[in-house]
Structures are given as structure tokens and as C-alpha cells.
1. Look at residue 280 and say whether it is touching a residue at least 60 places away in the same chain (Cβ under 8 Å), buried (at least 19 other Cβ atoms within 10 Å of the Cβ) and aromatic (Phe, Trp, Tyr).
2. Go through region 482-535 and report how many residues are in contact with a strand residue (DSSP E or B) (Cβ under 7 Å, 6 or more places away or on another chain), closer than 28 Å to residue 586 by Cβ and of a type in the set (Phe, Trp, Tyr).
3. Of 199, 269, 214, which residue is surrounded by 17 or more Cβ atoms within 10 Å (Cβ to Cβ), among the aliphatic types (A, V, I, L, M) and under 26 Å from residue 147 (Cβ atoms)?
4. Are there helices (runs of 4 or more DSSP H) fully within region 28-147 with at least 1 residues that are in the same structural domain as residue 624 (by TED's automatic domain parsing)? List them.
5. Show me the helices (runs of 4 or more DSSP H) found entirely inside region 585-688 where at least 3 residues are buried (at least 23 other Cβ atoms within 10 Å of the Cβ) and in contact with a Leu (Cβ under 8 Å, 6 or more places away or on another chain).
6. Name the pairs whose Cβ atoms lie under 9 Å apart, with the first residue in region 529-540 and touching a residue at least 12 places away in the same chain (Cβ under 8 Å) and within 12 Å of residue 450 (Cα to Cα), the second polar (S, T, N, Q) and in a helix (DSSP H, G or I), and 6 or more positions between them or separate chains?
7. Working carefully through the options 253, 227, find the one that is hydroxyl-bearing (Ser, Thr, Tyr) and either assigned by TED's automatic domain parsing to the domain that holds residue 498 or not in a strand (DSSP E or B) (or both).
Amino acid sequence: MPPTPPRAQKIPHETPIHGETLVDDWFWLREKKNPEVLRLLEAENAYTEDALRPHQAVRESLFQELKSRIREDDAGVPVEMDGYHYYARMVAGRQYALHCRKKGSLDAPEEIILDGNELAQGRDYFSLGAFEVSPDHKWLAYSADFDGSEKYVIHLKNLETGELSPETITGTSPSLEWAEDNRTVFYVMLDEHDRPDRVLRHTLGAPAESDALVYKEADPKLFVGLSKTKSRAYIFIQLHGKVTSEYRYLDASEPRGDFRILEARRHGVLYDVDHRGDLFYILTNDVETNFRLVTAPVAAPGSANWTEIKRGDPDVYIEEIEIFTDHLVLIERASGLQQIRVRRFSTGEEHTVEFQEPAYSLAPHANVDFNSRVLRFRYTSLVTPATVYDYDLVTKARDVRKVAEVPGGYDASQYASERIFATAPDGARVPLSIVYKKGFQRDGAAGAYLYGYGSYGHAIPPSFSTNRLSLLDRGFVYAIAHIRGGDDLGRAWYEAGKFLNKKNTFTDFIACAEHLIRERYASQGRIVIAGGSAGGMLVGAAVNMRPELFRGAVAHVPFVDVVNTMLDETLPLTVTEFEEWGNPKDKTYFDYMKSYSPYDNVAAQAYPHLLVTAGLNDPRVTYWEPAKWVQKLRDRKTDSNLLLFHVHMGAGHGGASGRYDSLRDIALEYTFILKIFDLLPLSGRVYP
């Protein structure tokens, strides 16, 4: 007999709001220190392991297969700073990177300045946060999170002696910057709700208790961060919300000076800043949704003195800029595809760097030398492994610095990618990026893996994955749905999938699934959908709305309990996300949220097979959201399909932190997928 799935006791919790009463039978699962809650989560893990135990050998084989495609001894492309060459490298058998440098040339002796494996020794979780070398290269300021809670501890290491300074600073975000005096470090503290709200100034060797408060933000919708211009001339306090931002600047050579406001916050206006000469370069959406570029004199940088140098364009979205002494580089997105635009300050000449594949992704990569004429960027596509280029901004020559190696051999010519479009119910054309192994037949027989996110203006890059080959080589087609809520087609595409337009995200995704079926890439019931965090909300909404379309669904750390979470202002993200989802204290937003929140819309119907994950220490999507959702699904669904819940008991939002442990997470997911598609040896056991 199959084991009984874990069941939590129903204890109704009532929340009166807008003249009605919300009843939540599993609200009590929020009690993290309650032994009954911990026993339930452990029981869920045991149930998942038992369900997959008949396929343990296959799961291990998948792990070894995934592992065989990563180069275990590997190193990044060195980055030169003031005669030092910095890089990270991996060692076979070790979970975390070694951070190294060489002085003078790449032939010089290697100096290991930080070993993540030593820091992680004896711990279940480790994540490196800040990693900043002092301007004179004699000190390293770094921070680490040891449980996935995203509360970091700062340490200061003397790179000449290898010793740690005695002071440690706890409860910080992973944001810090050195002043140019090589003695002063600015860092960001978290408040009682784990929101980054304060900047403090620390002097090397002094006790942390004596650190001076430099800035405190009163508006919980704005999170505090730090950055430094590539010119090293200025340190910024960055205040960023979902729709509003503000910068404060300080001469980096005068760490005890006062930060000054660059441009006072205006609701709905976002801007980012860099520096060159006597000008700040400001990317802003003040008059154009897709942003424009202006300059402002450092002496008087307010908007009254802004001069436009790149006009906004409703068809071209300016994502980011890179400033060099004689070059301006813009990363743009036109019709959803990225391009690089280069302008030379000394001549005014301008050119565009374009790419030929139907779907790809690129990003600037470690451009730290302000005086360089070389842009380093990382390029990848669904069939092209990550490639690091050095692009000469004058000669236009591209130098390949590194191509990610796939051990065992990878032949890109054996795979094909496409960019196709689905039609949403309101007529919007929604891009899909697709990859499959050649020989694939569009007859509806294949399995399809459809991934989506669709929130926060985050575009999903169509990038290469060695892990994905395990599905493609077994006949699957892999598709990314570039749905509204992301900024894949520009800022307006994002805004059309938030607030009271949020349901566009879900109907776009369903339209993508229907398009795959209509065009015979797959057939109904031959699609597994996947998403994480807000993408988990997408998965939850899709299986509520159209469960018959899907064979299965994978929801990683899913944000599914939208109404309850957005009513709880003690959670780290709730207040700032009023400007993403709306505030449910407003009845209009409350009614709309309640109409799509996956947890609130679980129905008495058949659901596809489901794999759900969570992290006990997750500060972004608390573990109890997926835990409650799983219980409500078990209580109401009418099918006998798999419903598995895997909880990382010592990790947070990102799951396992080590590179091998993370591969085991993927092996679990792929075992689940192959099982529900009947591609594993049958065990004869079916779990509800």
C-alpha cells in the first residue's frame, strides 16, 4: 500500500476585511518554531523520497549525467584592476569557488584571497554576498549568509597578512563600498523586518558598535543599496522601489562628507546614474516609458539642469549603460532582442553591434577599467554556450576570451532554436523562445517543458543550459514564454502585466501552451510547466485555470498566497510590493488579487502532477505559502496524481547553495518529470 500523504490539521483562522471574512484553515503553519510544523515538513520530505525511491538509481544516474557536463576544474576570465588580475576558479570535488588574483601578469604566482569551501566547511548552506577589494588592494571586505535568510555577516581581511580584522558586522545586506582612503567602508543594515534601510560608515579596526549612521530611509517602499562609479570618483546611496528611485552622492575621497541628493524622488520616476568628467549620466523614465539618457553637471545635478543626449523611443528599450573615458555603450532591446549601441565621445561616431541567432541573451561583464576602449560582454543563446567577448570599441574587433566548455562534447549543430509568437486573448503577440534536438517531429507526440516568470519587469533570457540537454536528448522541446509582466518587449510590456493587469500574465502563458499544442510541438496533456517565486504564482494560476492542458507542473518556492502575504506588512517585501501587485487594503485591489491568488482559488477539480519546493529560511517567499498550498490542494483536488513537496530545511529562496547539491535538486525535478511522462521504469505505485 502507498503511504498516506502528510495532512495538517485544519484550524480556521479568520481575517475580517472589506465586509467579509477570509478563512484560512492552514494559517497556523506560519509557526516556524512549532514542533508540529517541523514534523509536517519533514514528513513531506519523507513522502517525496518514498514516492521517488523506486527510481533512486535513475535519479543518481541523472545527477551523474548532469555533473558530467560541467567542467569541474574551471576558471573565469581574469579581470585586470591596477595591475592585479582577479578571477574565480572551481576545483573538482569542491562545492564553492576559490577567489584568486595574480600581481603584474598572468604568469605570476597565484594568491588565493578567499576560499568559499573553507567558509562553508561544516555548514549546510553558504552564500557569498559582498566581495570588494580596497582601492589599494590591501584589504578585502566580504560578507556571507550561512542559512539562506539573506542576513549577511561582514568580515574584513588583510590581504598582506591573510588575517581577519577582529570586528564583524552582522545583520547586513550584501551591499558595501570602500572609500578611496582605504580605511572606510560603507555598508547597509537590515531593519527589524529584514528590509535594507540604513547606511553606516565603518573605520577599519574600530569596533562595529562605534560605526556612524550616515543615512536612514523612512519609506519602507524604498530599499537602500550602495554603488560606486566606474570612475571611482563617487559613492552612491541608491534608493529603489518598484516605481520610484533616488540617488545620493558623495565624493569617494571625502568619506566623512555629507551625501547630497542628486535628484529628489518623484513618484513614478526611476533613474540610474554613472559618472564621467564633470557630468553625471542619468538613465531615466521621466518622459519616456522606455527610458532616455540625459547628462547633468556634478555641481548642480537636479532635473532643471538635465540635457538629453539619447532620446527615448517607444520601440527601443534602453536597459542599461556602460560609461568609459571616450565611449558610451547602451544595451538596448528592440522587438524583444538585445543589441549594443556604441557612441564615441571624441568624434560623435555611433554604431550598433547586432547578432544573428533568432533568440539570444547578452550582458556587460566585469567592465571595471574606466579608461578602457574594450567592452567585455557575455553572450549566450539556447544553443550557444556562454561566450565571453572582448569587443574593441574602436576597431569593432571581437576577441573570444572564453567559451563555456561542455565536457564529453557538445555539438551545437545537433540542436535548433526558434522564436515564434502566440496570440493572447486580447490580440497581443507573445514571443516564445524554443529549442529542441534536430530530428524532432512536430506531430504532438513529444513532451514539452514550458517555463515562465512574468513579474517585476524581469526578462527571461533565452540562454544555454547544459542541464537542459538531459531533456532535449530525451526528445523534449523546451520553451520560454516571454509573457507580460516581464520587460522582454520593453517597459510597457511589464506594466501591462502588473497591478490590475496581472491576469494578462496568466492568460499569455496559457496562450503559449495552446500555441504549442496548435502548432503540434506538443499536445494537450503532454506539457510540463515550471516557474519559481513569482513564476510559481504563474504556475499556480495556470493549473487552477486550465489544469487539463498540462501533464505536470513544477513550482519552485512559489508565491501563491498573495492576499495573506500582501496583508502582512511585517514581511520584508510586502510594503515595497504594493507597487507591484497593489495594496489589498484597497478593496479594488483586494478583489482582484483574490480572483487570481493560487491559494485562494484551489478548486475541487483534477490537477496535473505537481512538484513543489520551499526553503525553510526563505525571506522572500516564506515556506508556509507552498506548505499551505500543498495542504489545500490535497484537501480539494479530485485526482490521484502525484503531489510532492520538497523542503530545504537549511536553505532559503535559491535552494541548495553548493554546485553539486544544486544539481541534485535538478536531478529530483527531472526524475519527477520523466516519471510522469512514463519514461522511467514503472514501479506500479501511484501516490495521491
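The values are calculated or read from the model by the stated rules, or taken from the named source; none is laboratory data. Keep in mind that what you see is a predicted model, and the values were worked out from it rather than measured. We place every Cβ from the backbone using ideal geometry, glycine too, and count neighbours over all the protein chains shown.
1. For residue 280, the condition - touching a residue at least 60 places away in the same chain (Cβ under 8 Å), buried (at least 19 other Cβ atoms within 10 Å of the Cβ) and aromatic (Phe, Trp, Tyr) - is not met.
2. The number of residues fulfilling the criteria is 3.
3. 199
4. 35-52, 56-68
5. So the answer is 624-636, 659-676.
6. Note: pairs meeting the criteria are 538/505.
7. 253
This table checks each residue for (1) in a strand (DSSP E or B); (2) within 23 Å of the chain's Cα centre (by Cα); (3) more than 22 Å from residue 491 (Cβ to Cβ).
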position	(1), (2), (3)
333	yes, yes, no
348	no, no, yes
352	yes, no, no
356	no, no, yes
361	yes, yes, no
366	no, yes, yes
370	no, no, yes
